[in-house]
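See structure below.
The values are calculated or read from the model by the stated rules, or taken from the named source; none is laboratory data. None of the values given here were measured: they were computed from a predicted structure. Methodologically, a virtual Cβ is constructed for each residue, glycine included, from the backbone with ideal geometry; neighbour enumeration extends over all protein chains shown. Side chains are part of the model used for accessible areas, which takes the heavy atoms of the whole protein and leaves out ligands, DNA and RNA. Shrake-Rupley method; radii C 1.70, N 1.55, O 1.52, S 1.80 Å.
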Amino acid sequence: MKVLYNWLKEFVPLEISPEETATTLARLGFEIAGVVHFGGKLQGVVTALVKECAKHPNADRLSLCKVWDGQKEYAVVCGAPNVRAGQKVAFARVGAILPDGEALRAAKIRGLESQGMICSAEELGLPEKTDGILVLPADTMLGVDVRPLLDLNDALIDIELTPNRRDALGILGIARELAAGLNMTLKNPEPRTRELDIAGANMAVFNDAQDLCQRYTARIIREIKVGPSPDWMARRLIRCGYRSINNLVDITNYVMHELGQPLHVFDASRLEGRQIHIRPAKASETILTLEEKTATLEDGMLVIADEKKAAALAGIMGGKASAITPETTEILLESAAFSAPHIRQTSKKLGIKTESSYRFERGSDYDMVLFASRRAAQLIQELAGGLVYKPIEASAPPSPAVSIKLRTERIKQFLGLNMKESLAADLLRKLGCVISMGTGQLLVTVPSWRLDLTMEADLLEEIARLYGYDQIPTRNPAIRLTTVPDDRLWHFERKVAALLAGLGYSEACNSSFLNTKQAVPFMPALGQKQDSKPVPVANPLSQEQAVLRTSLLPGLLQNALLNFHRQNVGVQFFETGRIFFQNQEGRQEGRRLGLLLGGDIRSPHWRLKKKKADYYDLSGSLEALFKALHIPHYQFVLNRAAAFHPKRCSVILSGSTVLGWLGEIHPDLNQDLDTAEPLIIAELDTMALLKAEPEQMAYVPSSPFPPVRRDLSMVAPLGTPYEKIAKALRLAGGKDLESVSLIDLYQGDKIGPERKSLTVSLVFRDKDKTLSDADVEKIMQKIISDLEKKCEAILRT
């Protein structure tokens, strides 16, 4: 909202500077974007007369002028194409200070001395754009300082308003705030018009949509003269960001900026049937707007129509067919209150944003409708002549005033102020509220323009604003010590994060929203029932955030791609977070741990070649994590899942509990992601991990007796998983078998097709004695026998 300081002073008797005014508004809760002084440091520029204007003898595009300031004549070289003898101009004599603070010096231009400068609007610091010098009205007195003449003593205060402060979208609204904040008397405008009887207007108005248009007034004005606006009005509008068009349109914009109430004027002679209908649009109905763009309307959009066609988009923009022209002599002045949600929806669908729609989208003041009509009629009478008729009303009954009960004990409870009821009432009265005093409470009737005051908390905020946030005493809060139970899951996730960070993984934190395409490979996600599907977002900000994530893996894959695109050749990520899905049982959510390994996991070294990530690298990281967490009896069992490579995918078990899934992504998904880098992913159920972790650890002393080591080579069917062999070894070895590790794997012609050779290293140790060779040999015989029975594995000779 752009507010002119001198315009404000017409409503509030300000005796403070524009900067102090801005500071006061900031104290009252308004964000100030800036304060701009017109004219800057301009001094010494006066009005003058161009007595003579002749061609410069040494230049085709320059003029040599004689300028009279009422006391002395000056020879001035001027390059403006529009300079003429007889013009009144703004003249800067030698020594005058220009807006940027620089003093004007005498100069020689093409051999002739110039004793000053005839100024353009831009050189004076005015926002108006002129082609050449600024020409003043013919009746301007000579030798007068141009600063007050051109309102260069004014300043613009730029305010950033929040959407709830509809009342502040007018000079009057800002003036109300200043009057309340500075304890001054507000000078309300009192428009006076000479009105003719409504019977002579010869115009009928029908409101066929009172739910969308709560109040509508139409006023006929005849025998008007369309022309340019006076300089003072045009200058104010231009400084506030409007374009000066003609006196009638400018008056509606002027009143809108002054009072916050949008208005519109129709050429009454171009309204067919001498009728106005406020009605919903018909499907595919069209209107040519003032911007000369054809808008195709949807069924239900509100229009202002004559007997045959739509003449305006209600609250948004007028139509070209009924626009004001230089030949217009009779107008219909419209002032109305429209439904805010409806205007907002229509404006968004049609892609048309105007100053009018900006205000109507935030609400309408029922009482301001007629007041603004009278104010505009007054200005039209003064600036365009004309016969003004009384307004025609087509309105719904006004809504009852909003009354709010304020318990005075709440002032202390929420603001920390020991405030008397009378003081609280006085503060609210300054805002226009009507107060009924009670015992321990106030009944506050809110003024019609404060659409944002609807509850007790709003009144408390207003009291705090006017009393002054800086006046509210600072007190240390009363802190009550309580015992907060530990969240075991949170501690567990932080422990896992620390362990993975120690293994070289970086923690990711991704959005809980996905686009549907990202979720498809993980629908249903791992560990979810076949009827599981994503939860759609009711009102997504974009299609990229259409559903809640069913898995952490899509986000980690996008992290990897971003790094690859930025030439980071290797990535190691993990993330903990929630996942969401829905099935026949309703909406569900769970906790997951996601991991990703991709690209180069080892850079080239003089002793080692670079290495790409593979399945075994990530399974090794998981084994290290499980060992650190003391997860018992975990195993990786070959499995299949849609997003994984068919031969490099495992489900991770601890006993009969599924801990998670691990694998290389499917080649088709790799291709869809447009990367040739290997990507290994895993997702674990955090709650399953937590339950598998022992709550208490028992100390087991290490055996003081030496180990006995044996290597065992065997030949087994190619399809027998190593996990099955390792399990058979542990069972056969019993308590004396301390560890089993695979140290060699071979496939080839020497052992035949569909066979593989494995060599395992076995470590035996007894905690109570030294094992003899005979003891170990006995165990070895049992191991060999069980391997042959359970795994079809025979000793290799």
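For the range 569-604, name all the residues that are outside any strand (DSSP E or B) and either among the acidic types (Asp, Glu) or surrounded by 23 or more Cβ atoms within 10 Å (Cβ to Cβ) (or both).
So in the range 569-604, the residues outside any strand (DSSP E or B) come out as 569, 584-585, 603-604.
If the condition is that a residue be outside any strand (DSSP E or B) and either among the acidic types (Asp, Glu) or surrounded by 23 or more Cβ atoms within 10 Å (Cβ to Cβ) (or both), then 585 is the only one that fits.
For the range 215-240, which positions are open to solvent by 60 Å² or more (accessible area, probe 1.4 Å) and out of contact with any helix residue (DSSP H, G or I) (no Cβ under 6 Å at 6 or more places or on another chain)? I'd like the intermediate steps shown before the answer.
Step one: of the range 215-240, the residues open to solvent by 60 Å² or more (accessible area, probe 1.4 Å) are 223, 225, 228, 231-232.
Answer for the range 215-240, where residues must be open to solvent by 60 Å² or more (accessible area, probe 1.4 Å) and out of contact with any helix residue (DSSP H, G or I) (no Cβ under 6 Å at 6 or more places or on another chain): 223, 228, 231, 232.
Name the pairs whose Cβ atoms lie under 8 Å apart, with the first residue in the range 704-731 and of a type in the set (D, E, K, R), the second open to solvent by 60 Å² or more (accessible area, probe 1.4 Å) and at pLDDT 90 or above, and 6 or more positions between them or separate chains?
Going by the 8 Å Cβ cut-off, the qualifying pairs are 711/743; 724/790.
Any chance the range 306-323 includes a residue that's part of a strand (DSSP E or B) and polar (S, T, N, Q)? Don't jump to the end; show me each part of the working.
Step one: of the range 306-323, the residues part of a strand (DSSP E or B) are 310-313, 317-319.
Those left that are additionally polar (S, T, N, Q): none.
So far as the range 306-323 goes, no, none of its residues is part of a strand (DSSP E or B) and polar (S, T, N, Q).
Could you run through the range 651-663 and say how many residues are farther than 19 Å from residue 518 by Cβ and in contact with a Phe, Trp or Tyr (Cβ under 8 Å, 6 or more places away or on another chain)? Quick ask: steps written out before the conclusion?
Filtering the range 651-663 down to residues farther than 19 Å from residue 518 by Cβ leaves 651-660, 662.
Cutting the leftovers down to in contact with a Phe, Trp or Tyr (Cβ under 8 Å, 6 or more places away or on another chain) gives us 651-654, 659, 662.
Number of matching residues: 6.
Here is a yes/no grid of residues against (1) farther than 20 Å from residue 38 by Cβ; (2) open to solvent by less than 20 Å² (accessible area, probe 1.4 Å):
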{"position": "95", "(1), (2)": "yes, no"}
{"position": "98", "(1), (2)": "no, no"}
{"position": "114", "(1), (2)": "yes, yes"}
{"position": "129", "(1), (2)": "no, no"}
{"position": "142", "(1), (2)": "yes, no"}
{"position": "161", "(1), (2)": "yes, no"}
{"position": "176", "(1), (2)": "yes, no"}
{"position": "189", "(1), (2)": "yes, no"}
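Looking at the range 579-600, can you tell me whether even one residue there is on the phi > 0 side of the Ramachandran plot and touching a helix residue (DSSP H, G or I) at 6+ places or on another chain (Cβ under 8 Å)? Step through it out loud before you land on a result.
Going through the range 579-600, the residues on the phi > 0 side of the Ramachandran plot turn out to be 586, 599.
Okay, now just the ones that are also touching a helix residue (DSSP H, G or I) at 6+ places or on another chain (Cβ under 8 Å), so 599.
Scanning the range 579-600 turns up at least one residue that is on the phi > 0 side of the Ramachandran plot and touching a helix residue (DSSP H, G or I) at 6+ places or on another chain (Cβ under 8 Å).
Could you look through the range 422-450, keep only residues that are of a type in the set (Ser, Thr, Tyr) and over 37 Å from the mean Cα position of the chain (by Cα), and pick out the one that is modelled with the lowest pLDDT? Can you show your working first?
Going residue by residue through the range 422-450, those that are of a type in the set (Ser, Thr, Tyr) are 422, 436, 439, 445, 448.
Narrowing further to those that are over 37 Å from the mean Cα position of the chain (by Cα): 422, 436, 439.
On the way: 422: 91, 436: 91, 439: 83.
Selected residue: 439.
For the range 19-46, give me each residue that is open to solvent by less than 20 Å² (accessible area, probe 1.4 Å) and over 31 Å from the mean Cα position of the chain (by Cα).
Residues of the range 19-46 open to solvent by less than 20 Å² (accessible area, probe 1.4 Å): 21-22, 24-25, 28, 30, 38-39, 42, 45-46.
Listed by number, the residues that qualify are 38, 39, 42, 45, 46.
Could you tell me which residue of the range 332-366 is most open to solvent (accessible area, probe 1.4 Å), considering only residues that are basic (Lys, Arg) and out of contact with any Pro (no Cβ under 8 Å at 6 or more places or on another chain)? Step through it out loud before you land on a result.
So the first thing to find is which residues in the range 332-366 are basic (Lys, Arg), and the list is 344, 348-349, 353, 359, 362.
From what's left, out of contact with any Pro (no Cβ under 8 Å at 6 or more places or on another chain): 344, 348-349, 353.
Values: 344: 108, 348: 164, 349: 130, 353: 137 Å².
Among those that are basic (Lys, Arg) and out of contact with any Pro (no Cβ under 8 Å at 6 or more places or on another chain), it is 348.
Of the residues that sit in the range 280-305 and are under 20 Å from residue 325 (Cα atoms) and assigned to a loop (DSSP other than H, G, I, E, B), which one is least open to solvent (accessible area, probe 1.4 Å)?
Going residue by residue through the range 280-305, those that are under 20 Å from residue 325 (Cα atoms) are 287-294, 304-305.
Checking the rest, the ones that are also assigned to a loop (DSSP other than H, G, I, E, B) come to 290-293.
Values: 290: 75, 291: 103, 292: 120, 293: 127 Å².
Per the criteria, the residue is 290.
Do the conditions hold for residue 154, that is, is it under 54 Å from the mean Cα position of the chain (by Cα), crowded, with 18+ Cβ neighbours inside 10 Å and closer than 25 Å to residue 237 by Cα? Steps first, answer last, please.
On the way: under 54 Å from the mean Cα position of the chain (by Cα): yes; crowded, with 18+ Cβ neighbours inside 10 Å: yes; closer than 25 Å to residue 237 by Cα: yes.
Yes; evaluated as a whole, the condition is true for this residue.
Across the range 163-174, what is the number of residues that are over 29 Å from residue 390 (Cα atoms) and either surrounded by 21 or more Cβ atoms within 10 Å (Cβ to Cβ) or touching a strand residue (DSSP E or B) at 6+ places or on another chain (Cβ under 6 Å) (or both)?
Kept after step one, since they are over 29 Å from residue 390 (Cα atoms), are these residues of the range 163-174: 163-165, 174.
Keeping just the survivors that are either surrounded by 21 or more Cβ atoms within 10 Å (Cβ to Cβ) or touching a strand residue (DSSP E or B) at 6+ places or on another chain (Cβ under 6 Å) (or both) gives 174.
The number of residues fulfilling the criteria is 1.
What's the number of the only condition in (1) β-branched (Val, Ile, Thr); (2) under 21 Å from residue 260 (Cα atoms); (3) open to solvent by less than 30 Å² (accessible area, probe 1.4 Å) that residue 402 fails to meet?
Evaluating residue 402 over (1) β-branched (Val, Ile, Thr); (2) under 21 Å from residue 260 (Cα atoms); (3) open to solvent by less than 30 Å² (accessible area, probe 1.4 Å) leaves (3) as the failure.
Need at least 1 residues that are farther than 24 Å from residue 102 by Cα and of a type outside the set (Phe, Trp, Tyr) per element, so show me which strands (runs of 3 or more DSSP E) inside the range 1-78 make the cut, counting only ones lying wholly within it. Even if it seems obvious, please write down each step before you answer.
Numbers: elements: 2-4, 31-37, 43-55, 63-68, 73-78.
Strands (runs of 3 or more DSSP E) meeting the threshold: 2-4, 31-37, 43-55, 63-68.
So which residues in the range 57-72 are in contact with a Lys or Arg (Cβ under 6 Å, 6 or more places away or on another chain) and either touching a residue at least 24 places away in the same chain (Cβ under 8 Å) or open to solvent by less than 80 Å² (accessible area, probe 1.4 Å) (or both), if there are any at all?
Step one: list which residues in the range 57-72 are in contact with a Lys or Arg (Cβ under 6 Å, 6 or more places away or on another chain), which gives 58-59, 66, 68.
Within the range 57-72, 58, 59, 68 meet the criteria.
Given the conditions (1) open to solvent by less than 20 Å² (accessible area, probe 1.4 Å); (2) touching a Phe, Trp or Tyr at 6+ places or on another chain (Cβ under 8 Å); (3) not aliphatic (A, V, I, L, M), which single one is not true for residue 277?
(1)
The rows are residues; the columns are (1) farther than 22 Å from residue 141 by Cβ; (2) modelled with pLDDT under 90.
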| residue | (1), (2) |
| --- | --- |
| 19 | yes, no |
| 25 | yes, no |
| 67 | no, no |
| 74 | no, no |
| 113 | yes, yes |
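Considering only helices (runs of 4 or more DSSP H) fully contained in the range 424-537, which possess at least 1 residues that are out of contact with any Lys or Arg (no Cβ under 9 Å at 6 or more places or on another chain), open to solvent by less than 60 Å² (accessible area, probe 1.4 Å) and on the phi < 0 side of the Ramachandran plot? Let's see the steps before the verdict.
Values: elements: 456-467, 488-502, 516-519.
Filter on the range 424-537 gives 456-467, 488-502.
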